[in-house]
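Engineer: Here it is: the structure, laid out below.
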Amino acid sequence: MPDTEPQIAGSLIDLIGDTPLLRLNRVTEGLTCTVAAKLEMLNPGGSVKDRPALAMISRAEEEGLLKPGGTIVEPTSGNTGVGLAIVAAERGYRCIFVVTDKVAPEKIRLLEAYGAEVIVCPVAVEPDDPASYYSVSERLVQETPGAFRPNQYDNRWNPWAHEHTTGPELWRQTAGRITHFVAGVGTGGTITGVGRYLKAQSPGVQIVGADPAGSVYSGGSGRPYLVEGIGEDFWPTTYDPGLVDRVVPVSDEDSFLMARRVTCEEGLLIGGSGGTAVAAALEVGRELGPDGLVVVLIPDSGRGYLSRVFDEDWMAGYGFLRGGEHTVADILEDRGAAIPPLVYVGPGDTVARAVNVMRAYGLSQLPVAKGEMPLAAAEILGAVDELALMDRGFHDPAVLDEPVEKVMGPRLPTIGVGQPIALAVELLDRAPALVVLAGGRPRAVLSRTDVLRHLSQGAR
């Protein structure tokens, strides 16, 4: 007999949670342990963030912090915004979301599709900078009547959602046999909540954080990286480091290439942060025997990254993809060790120092960047030009004592190390030099002279 009652959900938010586990088979070749993926992209909003979004809004309503007709304001990489927008649509709230300029355009359009207002802020600024997305969010809360900021980085209902939903699901789905849980760390809500539940069931379960190289969780300073949605430049209160047994740093390059590999080999379309998590899970899995059961949380789908991780031109432009003959890499190899990989000056260095550096290495163009090597592309602030400095110094010798940031020009265009020489020639027709990116990071400055020297050698 069929069920007498139709199986129809009364609300979209009733469908949040109970996502399945999927065994990974091809990318795990050579491992004797089991690696299973928790498919959080199958939540209604397409990500793991649906869970805390529902919990935070529900509790805010109960505590009188969010009232009918109110406005939800939140800084987000996109996924939390979608979860909040779904709950807001269900319950009649307005949404304003603040994102950084590294967020993929399709994520911004998705938030706007839900009727949200989206404000974009620069990523390469300190958290307390007035232009940072944290600062802008706080200002909007103060200026908007009836505003409520869930503040996923400091909201205890964020990890609570995972302790009471995600954790119990994993314990049930693995029949209590899970030995390792791996997840990217952003707000810390997922790994803290799941870790709290699993360790209460079995203290021996290992909780492993997957972190973009450069983020504070893996010992970095929070310098810019390209993976979206995970890693931080500060310590959220929603993260409990006492529950995390290990943090595995993963580069942008390994994250993106793993995301593409999982998509092609497993038929599972995942994003860059999912690639980070899988790369970390495989590193953990190589140390385990047949009794190991590693669950890796896939936070969202790759559909939100089609213009980034799955765009050949974008990937090549950052130096993540290489191939074919006659590439920029050939020019750099010919140049040899005569010039260090990347010569640059800081914004606070004097113009005199910049002149001396250019003279020492025979350079006509010099990037201006903040930070130590390896730099992130976002840390390059501008460039100085030999001819421009000569002209300024001739008319005003005092300029030599000024900081470089006062006289620098715009940033040089970039090119991927694996892109064709023909593209370099085309770009150099409009710019005096190019910054070469490899693995998403600046590696060298390419000048017209470098190209001409390489072409002349090939002509001999």
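Engineer: Looking at segment 249-277, which of the residues that are under 15 Å from the mean Cα position of the chain (by Cα) and β-branched (Val, Ile, Thr) is nearest to residue 218 (Cα to Cα)? Before you say what the answer is, go through the steps one by one.
Structural biologist: We begin by selecting, within segment 249-277, every residue under 15 Å from the mean Cα position of the chain (by Cα); these are 249-259, 270-277.
This time we only want the ones that are β-branched (Val, Ile, Thr), so: 250, 270, 276.
On the way: 250: 9, 270: 23, 276: 13 Å.
Going through the qualifying residues, I end up with 250.
Engineer: Limited to segment 3-48, what total is found for residues that are part of a loop (DSSP other than H, G, I, E, B), among the acidic types (Asp, Glu) and either crowded, with 21+ Cβ neighbours inside 10 Å or modelled with pLDDT of 95 or more (or both)?
Structural biologist: Number satisfying all stated conditions: 2.
Engineer: Pairs only if they're at least six apart or on different chains, beta carbon under 9 angstrom, first in segment 366-383 and within 20 Å of residue 252 (Cα to Cα), second β-branched (Val, Ile, Thr) and surrounded by fewer than 21 Cβ atoms within 10 Å (Cβ to Cβ); list them, first residue then second.
Structural biologist: 377/414; 378/123; 380/414
Engineer: Report whether or not residue 88 is loosely packed, with under 14 Cβ neighbours inside 10 Å and among the hydrophobic types (A, V, I, L, M, F, W, C).
Structural biologist: Answer is no for this residue.
Engineer: Residues of segment 72-105 being over 15 Å from residue 152 (Cβ atoms) and among the charged types (D, E, K, R), which ones?
Structural biologist: 90, 91, 94, 101, 102
Engineer: Of everything in segment 224-242, what is under 26 Å from residue 303 (Cα atoms) and not acidic (Asp, Glu)? Give them in sequence order.
Structural biologist: Once the filter is applied, which keeps residues that are under 26 Å from residue 303 (Cα atoms) and not acidic (Asp, Glu), segment 224-242 yields 224, 225, 226, 227, 229, 230, 231.
Engineer: Mind checking which residues of segment 379-425 are within 16 Å of residue 445 (Cβ to Cβ) and assigned to a strand (DSSP E or B)?
Structural biologist: Answer for segment 379-425, where residues must be within 16 Å of residue 445 (Cβ to Cβ) and assigned to a strand (DSSP E or B): 380, 381, 382, 383, 384, 385, 409, 414, 415, 416.
Engineer: Within segment 55-82, count every residue that is free of Cβ contacts under 8 Å to residues at least 60 places away in the same chain and surrounded by 24 or more Cβ atoms within 10 Å (Cβ to Cβ).
Structural biologist: 2
Engineer: Next up: Can you tell which of 253, 283, 265, 232 is out of contact with any helix residue (DSSP H, G or I) (no Cβ under 9 Å at 6 or more places or on another chain) and farther than 26 Å from residue 177 by Cβ?
Structural biologist: 253
The values are calculated or read from the model by the stated rules, or taken from the named source; none is laboratory data. Nothing here was measured: the structure is a model prediction, and the numbers come from that model. Cβ: placed from backbone, ideal geometry, glycine included. Neighbour counts: every protein chain shown.
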